[in-house]
Amino acid sequence: MSEHISVMPERAIELLDVRPDGIYVDGTLGRGGHSKLILERLKSGRLYCFDLDEEAIEKSKVFLKDYDNVTFIHDNFMNMKKYIDHADGILLDLGVSSPQFDEADRGFSYRYDAPLDMRMNKEDEFSAYDIVNSYSEEEISRVLWQYGEEKFARRIAAKIVENRPIDTTAQLVEVIRSALPAKALSKKGHPAKQTFQALRIEVNHELDSLRNFLDDFDEILNIDGRLVIITFHSLEDRMVKHCFKNLSTVKDDLRIAKTPDQIEKARYVLLNRGDKASDEEIEINHRAKSAIIRGIRKVYGKDR
Ligand SMILES: C[S@@+](CC[C@H](N)C(=O)[O-])C[C@H]1O[C@@H](n2cnc3c(N)ncnc32)[C@H](O)[C@@H]1O
(Lines give C-alpha, C1' and ligand atoms only; values in the text may rest on other atoms or scores of the structure.)
Protein backbone atom coordinates (compact mmCIF):
# COMPACT_ATOMS: atom_id res chain seq x y z
CA MET A 1 0.00 0.00 0.00
CA SER A 2 1.03 3.58 -0.62
CA GLU A 3 2.28 5.30 2.56
CA HIS A 4 0.72 8.54 1.41
CA ILE A 5 -3.06 8.96 1.27
CA SER A 6 -3.86 10.59 -2.07
CA VAL A 7 -6.03 13.70 -1.91
CA MET A 8 -9.41 13.77 -3.72
CA PRO A 9 -8.53 10.66 -5.78
CA GLU A 10 -11.98 10.06 -7.29
CA ARG A 11 -12.46 13.72 -8.22
CA ALA A 12 -8.98 13.91 -9.79
CA ILE A 13 -9.69 10.87 -11.95
CA GLU A 14 -13.15 12.09 -12.88
CA LEU A 15 -11.75 15.47 -14.00
CA LEU A 16 -8.92 13.82 -15.94
CA ASP A 17 -11.40 11.51 -17.71
CA VAL A 18 -8.66 9.02 -18.61
CA ARG A 19 -8.84 7.55 -22.13
CA PRO A 20 -7.57 3.96 -22.29
CA ASP A 21 -5.28 4.76 -25.24
CA GLY A 22 -4.16 8.18 -24.03
CA ILE A 23 -0.82 9.67 -22.99
CA TYR A 24 -0.92 10.93 -19.40
CA VAL A 25 1.51 12.71 -17.11
CA ASP A 26 1.61 12.66 -13.33
CA GLY A 27 3.88 15.63 -12.60
CA THR A 28 4.04 14.86 -8.86
CA LEU A 29 4.35 11.11 -8.50
CA GLY A 30 4.84 11.01 -4.69
CA ARG A 31 3.97 7.52 -3.54
CA GLY A 32 2.12 6.74 -6.77
CA GLY A 33 -1.47 6.79 -5.47
CA HIS A 34 -2.92 8.94 -8.25
CA SER A 35 -0.65 7.28 -10.81
CA LYS A 36 -2.03 3.87 -9.94
CA LEU A 37 -5.59 5.08 -10.51
CA ILE A 38 -4.59 6.42 -13.92
CA LEU A 39 -2.77 3.18 -14.83
CA GLU A 40 -5.81 1.10 -13.85
CA ARG A 41 -7.74 2.96 -16.56
CA LEU A 42 -5.07 2.83 -19.27
CA LYS A 43 -4.82 -0.02 -21.77
CA SER A 44 -2.64 0.82 -24.76
CA GLY A 45 -1.88 4.27 -23.33
CA ARG A 46 1.21 5.36 -21.37
CA LEU A 47 1.84 7.28 -18.16
CA TYR A 48 4.89 9.50 -17.56
CA CYS A 49 5.65 10.23 -13.92
CA PHE A 50 7.87 13.04 -12.64
CA ASP A 51 9.27 13.61 -9.19
CA LEU A 52 12.15 15.68 -7.85
CA ASP A 53 12.63 13.16 -5.10
CA GLU A 54 14.65 10.09 -6.09
CA GLU A 55 13.19 8.14 -3.20
CA ALA A 56 9.61 8.82 -4.36
CA ILE A 57 10.59 7.33 -7.72
CA GLU A 58 12.30 4.26 -6.23
CA LYS A 59 9.39 3.48 -3.90
CA SER A 60 6.79 4.04 -6.63
CA LYS A 61 8.66 1.74 -9.02
CA VAL A 62 7.97 -1.01 -6.51
CA PHE A 63 4.39 0.10 -5.85
CA LEU A 64 3.62 0.19 -9.60
CA LYS A 65 5.70 -2.86 -10.59
CA ASP A 66 2.71 -4.60 -12.23
CA TYR A 67 2.51 -1.98 -14.99
CA ASP A 68 4.84 -1.87 -17.98
CA ASN A 69 3.33 1.25 -19.57
CA VAL A 70 4.82 3.72 -17.11
CA THR A 71 7.97 5.84 -17.47
CA PHE A 72 9.63 7.44 -14.44
CA ILE A 73 11.49 10.73 -14.78
CA HIS A 74 13.59 12.24 -12.01
CA ASP A 75 13.14 15.92 -12.82
CA ASN A 76 11.05 18.99 -12.11
CA PHE A 77 7.61 18.94 -13.76
CA MET A 78 8.40 22.41 -15.14
CA ASN A 79 10.82 20.66 -17.54
CA MET A 80 8.08 18.39 -18.90
CA LYS A 81 8.34 19.56 -22.49
CA LYS A 82 11.97 18.42 -22.61
CA TYR A 83 10.66 14.83 -22.40
CA ILE A 84 7.12 14.84 -23.81
CA ASP A 85 5.69 16.59 -26.84
CA HIS A 86 2.03 15.69 -26.41
CA ALA A 87 -0.33 14.49 -23.69
CA ASP A 88 -4.05 13.91 -23.21
CA GLY A 89 -3.98 14.68 -19.53
CA ILE A 90 -1.66 16.14 -16.89
CA LEU A 91 -2.10 15.93 -13.13
CA LEU A 92 -0.26 17.97 -10.50
CA ASP A 93 -0.78 17.34 -6.78
CA LEU A 94 1.51 20.00 -5.37
CA GLY A 95 3.69 20.23 -2.30
CA VAL A 96 5.28 17.47 -0.25
CA SER A 97 4.10 13.98 0.56
CA SER A 98 3.49 12.53 4.02
CA PRO A 99 6.61 10.29 3.88
CA GLN A 100 8.77 13.34 3.15
CA PHE A 101 7.40 14.98 6.30
CA ASP A 102 7.71 11.81 8.30
CA GLU A 103 11.34 11.07 7.47
CA ALA A 104 13.02 12.89 10.31
CA ASP A 105 16.37 13.47 8.58
CA ARG A 106 14.83 15.35 5.62
CA GLY A 107 14.34 18.37 7.88
CA PHE A 108 10.82 19.16 6.61
CA SER A 109 9.18 18.76 9.98
CA TYR A 110 9.31 20.80 13.17
CA ARG A 111 8.37 17.62 15.02
CA TYR A 112 11.82 16.02 14.68
CA ASP A 113 15.29 17.32 15.31
CA ALA A 114 17.34 17.18 12.10
CA PRO A 115 19.79 19.27 10.06
CA LEU A 116 18.07 22.19 8.30
CA ASP A 117 17.54 20.69 4.87
CA MET A 118 14.03 20.55 3.24
CA ARG A 119 15.30 19.76 -0.28
CA MET A 120 12.90 17.62 -2.32
CA ASN A 121 15.77 16.91 -4.68
CA LYS A 122 18.85 15.77 -2.76
CA GLU A 123 21.01 16.67 -5.76
CA ASP A 124 20.25 20.37 -5.24
CA GLU A 125 22.88 22.29 -3.30
CA PHE A 126 20.61 24.96 -1.84
CA SER A 127 18.87 24.03 1.43
CA ALA A 128 16.98 25.61 4.33
CA TYR A 129 20.36 26.02 6.05
CA ASP A 130 21.41 28.53 3.39
CA ILE A 131 18.27 30.63 3.78
CA VAL A 132 18.41 30.69 7.57
CA ASN A 133 22.14 31.39 7.75
CA SER A 134 22.86 33.61 4.77
CA TYR A 135 19.74 35.57 3.74
CA SER A 136 19.46 39.10 5.08
CA GLU A 137 16.92 39.85 7.79
CA GLU A 138 14.70 41.59 5.20
CA GLU A 139 14.86 38.62 2.84
CA ILE A 140 13.96 36.14 5.59
CA SER A 141 11.10 38.34 6.68
CA ARG A 142 9.81 38.55 3.09
CA VAL A 143 9.94 34.76 2.65
CA LEU A 144 8.08 34.13 5.93
CA TRP A 145 5.45 36.72 5.16
CA GLN A 146 4.96 35.87 1.49
CA TYR A 147 5.05 32.07 1.60
CA GLY A 148 3.94 31.43 5.18
CA GLU A 149 1.65 34.42 5.76
CA GLU A 150 3.42 34.55 9.13
CA LYS A 151 2.14 37.59 11.05
CA PHE A 152 5.33 37.76 13.12
CA ALA A 153 7.67 37.44 10.14
CA ARG A 154 9.75 40.48 11.13
CA ARG A 155 10.22 39.41 14.73
CA ILE A 156 11.14 35.86 13.73
CA ALA A 157 13.58 37.10 11.05
CA ALA A 158 15.28 39.39 13.58
CA LYS A 159 15.67 36.54 16.09
CA ILE A 160 17.02 34.21 13.42
CA VAL A 161 19.70 36.71 12.43
CA GLU A 162 20.56 37.36 16.10
CA ASN A 163 21.01 33.63 16.82
CA ARG A 164 23.01 32.54 13.76
CA PRO A 165 24.46 30.05 13.02
CA ILE A 166 21.40 27.82 13.33
CA ASP A 167 22.08 24.22 12.29
CA THR A 168 19.04 22.16 13.19
CA THR A 169 15.24 22.18 13.07
CA ALA A 170 15.06 22.01 16.89
CA GLN A 171 17.29 25.09 17.22
CA LEU A 172 15.12 26.93 14.71
CA VAL A 173 11.93 25.97 16.58
CA GLU A 174 13.45 27.39 19.78
CA VAL A 175 14.38 30.63 18.02
CA ILE A 176 10.84 30.94 16.60
CA ARG A 177 9.36 30.35 20.05
CA SER A 178 11.59 33.01 21.55
CA ALA A 179 10.41 35.52 18.91
CA LEU A 180 6.69 35.05 19.48
CA PRO A 181 4.55 36.82 22.07
CA ALA A 182 2.94 34.58 24.73
CA LYS A 183 -0.48 35.06 23.16
CA ALA A 184 0.70 33.61 19.84
CA LEU A 185 2.39 30.68 21.61
CA SER A 186 -0.82 29.70 23.36
CA LYS A 187 -2.77 29.49 20.08
CA LYS A 188 -3.81 26.18 18.53
CA GLY A 189 -1.33 24.76 16.01
CA HIS A 190 2.45 24.57 16.15
CA PRO A 191 4.16 27.98 16.35
CA ALA A 192 6.77 26.96 13.73
CA LYS A 193 4.28 25.69 11.14
CA GLN A 194 4.15 28.76 8.92
CA THR A 195 7.88 29.41 9.07
CA PHE A 196 8.64 25.82 8.06
CA GLN A 197 6.14 25.96 5.20
CA ALA A 198 7.64 29.22 3.94
CA LEU A 199 11.21 27.91 4.06
CA ARG A 200 10.20 24.72 2.22
CA ILE A 201 8.54 26.71 -0.58
CA GLU A 202 11.61 28.94 -0.94
CA VAL A 203 14.10 26.02 -0.82
CA ASN A 204 12.30 24.15 -3.58
CA HIS A 205 11.32 27.18 -5.68
CA GLU A 206 7.80 25.79 -5.63
CA LEU A 207 6.02 28.83 -7.02
CA ASP A 208 8.59 29.34 -9.79
CA SER A 209 8.13 25.71 -10.88
CA LEU A 210 4.37 26.15 -11.02
CA ARG A 211 4.64 29.45 -12.89
CA ASN A 212 7.04 27.99 -15.47
CA PHE A 213 4.82 24.95 -15.91
CA LEU A 214 1.68 27.10 -16.37
CA ASP A 215 3.51 29.09 -19.06
CA ASP A 216 4.44 25.95 -20.98
CA PHE A 217 1.85 23.21 -20.62
CA ASP A 218 -0.24 24.40 -23.57
CA GLU A 219 2.57 23.31 -25.90
CA ILE A 220 2.17 19.73 -24.69
CA LEU A 221 -1.57 19.30 -24.18
CA ASN A 222 -3.52 17.79 -27.09
CA ILE A 223 -6.85 19.22 -28.19
CA ASP A 224 -9.47 17.80 -25.81
CA GLY A 225 -6.67 17.17 -23.30
CA ARG A 226 -7.14 18.03 -19.63
CA LEU A 227 -5.02 19.61 -16.94
CA VAL A 228 -5.95 18.98 -13.29
CA ILE A 229 -4.14 20.67 -10.39
CA ILE A 230 -4.49 20.17 -6.65
CA THR A 231 -3.11 23.07 -4.59
CA PHE A 232 -2.60 23.41 -0.85
CA HIS A 233 -2.22 27.11 -0.20
CA SER A 234 -3.69 30.34 -1.43
CA LEU A 235 -0.69 31.58 -3.44
CA GLU A 236 -0.62 28.42 -5.55
CA ASP A 237 -4.37 28.37 -5.96
CA ARG A 238 -4.45 32.02 -7.00
CA MET A 239 -1.89 31.34 -9.73
CA VAL A 240 -3.81 28.36 -11.06
CA LYS A 241 -7.16 30.13 -10.87
CA HIS A 242 -5.90 33.19 -12.79
CA CYS A 243 -4.18 31.09 -15.41
CA PHE A 244 -7.28 28.95 -16.00
CA LYS A 245 -9.50 32.03 -16.08
CA ASN A 246 -7.32 33.72 -18.69
CA LEU A 247 -7.14 30.63 -20.87
CA SER A 248 -10.90 30.10 -20.83
CA THR A 249 -11.84 33.73 -21.48
CA VAL A 250 -13.20 34.33 -24.96
CA LYS A 251 -11.12 37.07 -26.55
CA ASP A 252 -13.87 39.05 -28.21
CA ASP A 253 -16.47 39.03 -25.43
CA LEU A 254 -14.08 38.85 -22.45
CA ARG A 255 -16.25 36.34 -20.63
CA ILE A 256 -15.40 32.86 -19.46
CA ALA A 257 -16.55 30.39 -22.09
CA LYS A 258 -19.76 28.66 -20.99
CA THR A 259 -22.35 28.65 -23.75
CA PRO A 260 -21.81 26.46 -26.84
CA ASP A 261 -21.29 29.62 -28.86
CA GLN A 262 -18.56 30.88 -26.51
CA ILE A 263 -16.90 27.46 -26.27
CA GLU A 264 -16.78 27.41 -30.06
CA LYS A 265 -14.53 30.50 -29.88
CA ALA A 266 -12.49 29.57 -26.79
CA ARG A 267 -9.12 27.86 -26.37
CA TYR A 268 -9.96 26.21 -23.05
CA VAL A 269 -13.03 25.54 -20.91
CA LEU A 270 -13.13 25.24 -17.14
CA LEU A 271 -14.08 21.80 -15.85
CA ASN A 272 -15.07 23.15 -12.41
CA ARG A 273 -14.82 26.24 -10.22
CA GLY A 274 -12.46 24.74 -7.63
CA ASP A 275 -13.67 21.87 -5.46
CA LYS A 276 -12.69 21.05 -1.89
CA ALA A 277 -12.46 17.72 -0.15
CA SER A 278 -15.51 16.43 1.71
CA ASP A 279 -15.67 16.47 5.52
CA GLU A 280 -15.47 12.66 5.47
CA GLU A 281 -12.22 12.77 3.48
CA ILE A 282 -10.73 15.44 5.75
CA GLU A 283 -11.63 13.29 8.74
CA ILE A 284 -9.39 10.47 7.51
CA ASN A 285 -6.79 12.61 5.72
CA HIS A 286 -5.99 15.88 7.41
CA ARG A 287 -3.79 17.01 4.48
CA ALA A 288 -6.95 17.32 2.37
CA LYS A 289 -8.20 20.19 4.54
CA SER A 290 -6.59 23.00 2.57
CA ALA A 291 -6.71 21.29 -0.83
CA ILE A 292 -8.47 22.80 -3.85
CA ILE A 293 -8.74 20.92 -7.13
CA ARG A 294 -9.22 22.69 -10.47
CA GLY A 295 -9.41 21.32 -13.99
CA ILE A 296 -9.39 22.75 -17.49
CA ARG A 297 -9.96 21.20 -20.94
CA LYS A 298 -8.33 22.37 -24.14
CA VAL A 299 -10.85 22.92 -26.88
CA TYR A 300 -8.70 24.51 -29.53
CA GLY A 301 -5.09 25.32 -30.43
CA LYS A 302 -2.91 28.32 -29.73
CA ASP A 303 -4.08 30.53 -32.58
CA ARG A 304 -7.49 31.18 -31.02
C1 LIG B 1 1.68 15.72 -2.57
S2 LIG B 1 2.92 14.65 -3.16
C3 LIG B 1 2.10 13.75 -4.44
C4 LIG B 1 1.38 12.54 -3.97
C5 LIG B 1 0.84 11.66 -5.06
N6 LIG B 1 -0.14 12.33 -5.88
C7 LIG B 1 0.25 10.37 -4.50
O8 LIG B 1 -0.94 10.13 -4.68
O9 LIG B 1 1.01 9.62 -3.89
C10 LIG B 1 3.93 15.72 -4.11
C11 LIG B 1 5.14 15.06 -4.73
O12 LIG B 1 5.57 15.89 -5.79
C13 LIG B 1 6.95 16.10 -5.73
N14 LIG B 1 7.16 17.45 -6.30
C15 LIG B 1 6.81 18.63 -5.75
N16 LIG B 1 7.13 19.64 -6.60
C17 LIG B 1 7.68 19.06 -7.69
C18 LIG B 1 8.18 19.57 -8.92
N19 LIG B 1 8.23 20.88 -9.17
N20 LIG B 1 8.63 18.69 -9.84
C21 LIG B 1 8.60 17.35 -9.60
N22 LIG B 1 8.14 16.81 -8.45
C23 LIG B 1 7.68 17.65 -7.51
C24 LIG B 1 7.33 15.95 -4.28
O25 LIG B 1 8.68 15.50 -4.18
C26 LIG B 1 6.32 14.90 -3.80
O27 LIG B 1 6.85 13.61 -3.92
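The values are calculated or read from the model by the stated rules, or taken from the named source; none is laboratory data. Fair warning: this is a prediction, and the values are worked out from it, not measured in the lab. All Cβ positions, glycine included, derive from the backbone under ideal geometry; neighbour counts span all protein chains shown.
Just a few scattered comments:
- Check on Thr231, polar (S, T, N, Q), surrounded by 19 or more Cβ atoms within 10 Å (Cβ to Cβ) and within 28 Å of Tyr300 (Cα to Cα): yes
- Verdict on Asp68 being modelled with pLDDT under 95, of a type outside the set (A, V, I, L, M, F, W, C) and out of contact with any helix residue (DSSP H, G or I) (no Cβ under 8 Å at 6 or more places or on another chain): no
- For the stretch 14-23, the criterion of being under 20 Å from the mean Cα position of the chain (by Cα) and among the small types (Gly, Ala, Ser) is satisfied by no residue at all.
- Residues that are assigned to a strand (DSSP E or B) and within 12 Å of the chain's Cα centre (by Cα) within the stretch 205-241 comprise Val228, Ile229, Ile230, Thr231, listed in sequence order.
- Evaluating Asp53 against the criteria (1) away from the ligand (no atom under 12 Å from the Cβ); (2) farther than 22 Å from Arg294 by Cα; (3) not hydrophobic (A, V, I, L, M, F, W, C) leaves one unmet condition, (1).
- Number of residues in the stretch 276-298 that are in contact (Cβ under 8 Å) with a residue 24 or more places away in the chain, closer than 19 Å to Glu236 by Cβ and not in a helix (DSSP H, G or I) equals 8.
- In the stretch 168-192, the residues that are surrounded by 15 or more Cβ atoms within 10 Å (Cβ to Cβ) form Cβ pairs under 6 Å with partners that are polar (S, T, N, Q), at six or more places apart or across chains, as follows: Val175/Asn163; Ile176/Thr195.
- Flag if Glu3 is outside the structural domain of Tyr83 (by TED's automatic domain parsing), out of contact with any strand residue (DSSP E or B) (no Cβ under 8 Å at 6 or more places or on another chain), closer than 30 Å to Asp105 by Cβ and within 10 Å of the ligand (Cβ to nearest atom): yes
- Residue in the stretch 11-19 that is aliphatic (A, V, I, L, M), at pLDDT below 95 and away from the ligand (no atom under 12 Å from the Cβ) present: no
- The listed residues are Asp68, Asp88, Asp93, and the only one of them that is more than 8 Å from the ligand (Cβ to nearest atom) and buried (at least 18 other Cβ atoms within 10 Å of the Cβ) turns out to be Asp88.
- Look at the stretch 206-227: where a residue is within 13 Å of the ligand (Cβ to nearest atom) and a partner is of a type in the set (Lys, Arg), sitting 6+ places away or on another chain with Cβ atoms under 8 Å, you get Glu206/Arg200; Asp216/Lys81.
- Ile230 being in contact (Cβ under 8 Å) with a residue 40 or more places away in the chain, assigned by TED's automatic domain parsing to the domain that holds Arg19, within 30 Å of Val25 (Cβ to Cβ) and of a type outside the set (Gly, Ala, Ser): yes
- Selection count, the stretch 88-110, where residues are part of a loop (DSSP other than H, G, I, E, B), farther than 21 Å from Ser6 by Cα and either without any contact (Cβ under 8 Å) to a residue 24 or more places away in the chain or of a type in the set (A, V, I, L, M, F, W, C) (or both): 0
- Answer residue from the stretch 20-58, given it is buried (at least 24 other Cβ atoms within 10 Å of the Cβ) and of a type in the set (Phe, Trp, Tyr) and is farthest from Met118 (Cα to Cα) among those: Tyr24
- Looking across the stretch 99-136 at every residue that is away from the ligand (no atom under 16 Å from the Cβ) and touching a Pro at 6+ places or on another chain (Cβ under 8 Å), the one that is nearest to Glu54 (Cα to Cα) is identified as Tyr129.
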